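Where a number appears in this text, it was derived from the coordinates with a stated rule and is not lab data. Please read these numbers as outputs of a predicted model, since none were measured by experiment.
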Amino acid sequence: MSPEDFTERFAGLRVPIAKFLYRRIAVNEVDDLSAEVFEIAWRKGGAVTVGEELPWLYRVATNLIANHRRKNARAQHLLAAIIAPDTSPSAESIAVADIALAEAWGRLPSTSRQILALTALDGLSVAETALALDITANAVSVRLNRARNQLRVALAESA
């Protein structure tokens, strides 16, 4: 991939990726992980289908977040290596908008938070979310419906 092709396909996606990372990791780590995402895009971006760049970058970012958290967790605690990393936004980042929502969000399973974050916060379609998570669109629809119901119940319990 030439530098011009890379710039044309990926340069406009820096802001959405930074926002995606900002909601999921510490602010001081966003630049480094964002650079890693685009380094991988530079190396492997030629294999990405045109029009699927953003969901592909979200998948790359999700994997980097998981790796980053696992590496940090190992340094802090041995048991953290067997816990599935949560790549969805924290309850604290949601609290800025709504305390009840933050409390409900914190009670959701990480997989539900992840599906809701990709669709509601990051604005991905079901097809794009499926690509980002490397699952079928049908699985996304089922999980999204389940996650919405779980959030609805959690919000009702918070009220």
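Please compute the length gained on full extension between Arg152 and Lys44, using 0.36 nm multiplied by the number of residues separating them and subtracting their Cα-Cα distance.
Once the chain is fully extended between Arg152 and Lys44, it gains 34.9 nm.
Which whole-number percent gives the relative contact order of the range 1-74, counting Cα pairs below 8 Å spaced six or more residues apart?
39 percent
Which ³J(HN,Hα) values, rounded to whole Hz and listed in residue order, are derived for the range 120-125 from phi using the Karplus coefficients 6.51, -1.76 and 1.60 in 6.51 cos²θ - 1.76 cosθ + 1.60 with θ = phi - 60°, glycine and proline given as x?
Calculated HN-Hα couplings, in order: 7, 7, 8, x, 7, 6 Hz.
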